[in-house]
Amino acid sequence: MNPALPTNWHYVYVLKCSKAPLIYIGCTNCIEKRLVKHNGGEVYSTKNRLPVELIYYEAYKTKELAYKREKKLKSHGSSVGKLKSRIGITKEGRAG
């Protein structure tokens, strides 16, 4: 995390799952706490794919902007495809 960013920002984040060639996209106001919850098995969507690794995040000034971006990534295949290409994720879902 960049310590220069204000703590009241919201983040869209991407996790790489270790047990499957998948990524998880989420939104939070504290990436560190959310990552602990994911790796502690407290998040239903990732608890069977542990451990997970943070591979990317974007910062937004408002919760609304962050959730709008998360929704776009989850509902528009081209948006997530462009993001995967930008961060080096192959078609199989693995970081390359």
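The values are calculated or read from the model by the stated rules, or taken from the named source; none is laboratory data. Just so it is clear, the model here is predicted, and its values are computed rather than measured. Note: ideal-geometry Cβ built from the backbone for every residue, glycine included; neighbour counts use all protein chains shown.
The figures follow:
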read-out: Selection within segment 56-67 - surrounded by fewer than 14 Cβ atoms within 10 Å (Cβ to Cβ) and either within 19 Å of residue 86 (Cβ to Cβ) or among the β-branched types (Val, Ile, Thr) (or both); value: 62
read-out: Selection status of residue 20, in contact with a strand residue (DSSP E or B) (Cβ under 6 Å, 6 or more places away or on another chain) and of a type outside the set (Phe, Trp, Tyr); value: no
read-out: Residue list for segment 10-27, filter: farther than 14 Å from residue 84 by Cα, surrounded by fewer than 16 Cβ atoms within 10 Å (Cβ to Cβ) and not hydrophobic (A, V, I, L, M, F, W, C); value: 18, 19
read-out: Any hit, segment 50-57, residues being at pLDDT below 90 and among the hydroxyl-bearing types (Ser, Thr, Tyr); value: no
read-out: For residue 12: the one exception among (1) part of a loop (DSSP other than H, G, I, E, B); (2) among the aliphatic types (A, V, I, L, M); (3) touching a helix residue (DSSP H, G or I) at 6+ places or on another chain (Cβ under 7 Å); value: (1)
read-out: Residue check for residue 89: touching a residue at least 60 places away in the same chain (Cβ under 8 Å), of a type outside the set (Asp, Glu) and surrounded by 14 or more Cβ atoms within 10 Å (Cβ to Cβ); value: yes
read-out: Criterion: surrounded by fewer than 14 Cβ atoms within 10 Å (Cβ to Cβ) and either hydroxyl-bearing (Ser, Thr, Tyr) or modelled with pLDDT under 95 (or both) - qualifying residue of 81, 40; value: 81
read-out: Condition broken by residue 65, with the remaining ones in (1) in a helix (DSSP H, G or I); (2) closer than 15 Å to residue 14 by Cβ; (3) modelled with pLDDT of 95 or more satisfied; value: (2)
read-out: So residue 47, is it outside any strand (DSSP E or B), out of contact with any Gly (no Cβ under 8 Å at 6 or more places or on another chain) and among the basic types (Lys, Arg); value: no
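Per-residue answers, yes or no, for (1) free of Cβ contacts under 8 Å to residues at least 12 places away in the same chain; (2) not hydroxyl-bearing (Ser, Thr, Tyr):
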site	(1), (2)
8	no, yes
28	no, no
41	yes, yes
50	no, yes
58	no, yes
